[in-house]
Amino acid sequence: MIFFDDDPQNIRDVGSLGVLSVLTPQGGTREVWEKGLADYGAAQKK
Amino acid sequence: MSFLLQLWGGGGAPFVYDPATNTCKDTAGTTCRLLGAIPDVWDEVGQWGGKVAIASRTDEPSWARDLLCLFVTSSGQRLIDVVDPNLVEMCVQVVSLLYQRRPGAFFRSQNAFARAPVFIGSPRAHSSSSLFKGTRAAKRITFPTFKRSPAFHIPT
């Protein structure tokens with residue numbers, strides 16, 4: 001699961017559960033989406 | 001449901017969808033469109049066979065529901081068809097967020113982390129809305145409730 005949200009508190013809360021969480025201060029942009037996918041892929045390889 | 005932030009012109013549902021531009025107009029003539037890369041991103045999720053979960057605080061959950069049924073992804077798939085119906089919680093927005101469950105609590109309770117590959121939250125811009133100052137959550141609306149409601153419809 002990848003969690004996207006623009007609220008830093010939500011990012012902290014959900015991230016603390018072990019879910020990859022991506023802050024989206026400018027909304028659902030291509031940049032944050034690709035960052036989320038890249039980070040998720042990297043996390044899966046660990 | 002960030003697209004709702006465009007609809008503060010005094011209009012609201014019912015919406016008229018324009019398939020040529022993938023936009024919706026409310027009763028005041030205000031145009032609402034999907035923001036950022038949402039049409040492409042949701043399309044990718046749908047093409048993987050994935051699902052999107054939603055936990056959103058909004059002043060108008062029924063508008064969000066209607067618009068999810070109208071907007072389409074970049075390949076023409078309706079947004080609502082990419083959503084996991086068991087992982088939707090849209091609460092009426094209030095100023096004090098202390099009365100509402102945050103996304104972490106909701107998804108933990110639904111065991112969502114094992115099921116949904118993507119979760120897209122919503123802006124908190126409404127939290128300062130003077131319209132709702134001093135109020136608190138009146139109800140919580142879940143997707144199954146939407147589907148059972150006589151008002152629920154899927155526009156064609």
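Quick notes
- Taking the three principal axes of the alpha carbon atoms in chain A, the coordinate ranges are 28, 25, 11 Å, sorted in descending order.
- Of the residues A:Ile11, A:Pro25, A:Tyr40, the one whose Cα sits farthest towards the positive end of the charge dipole of chain A is A:Tyr40 (charges of +1 on Lys and Arg Cβ, -1 on Asp and Glu Cβ, taken about the Cα centre).
- Going from the residue with the fewest nearby Cβ atoms within 10 Å to the one with the most, A:Lys35, A:Lys45 rank A:Lys45, A:Lys35.
- In terms of overall dimensions, the C-alpha atoms belonging to the range B:13-79 reach 37, 29, 18 Å along their principal axes, ordered largest to smallest.
No value in this document is a laboratory result; all are computed from the given coordinates. Predicted model only: the values in this text are computed from it and were never measured. Because the Cβ atoms are built from the backbone with ideal geometry, glycine has one as well, and the counts that use them run over all protein chains shown.
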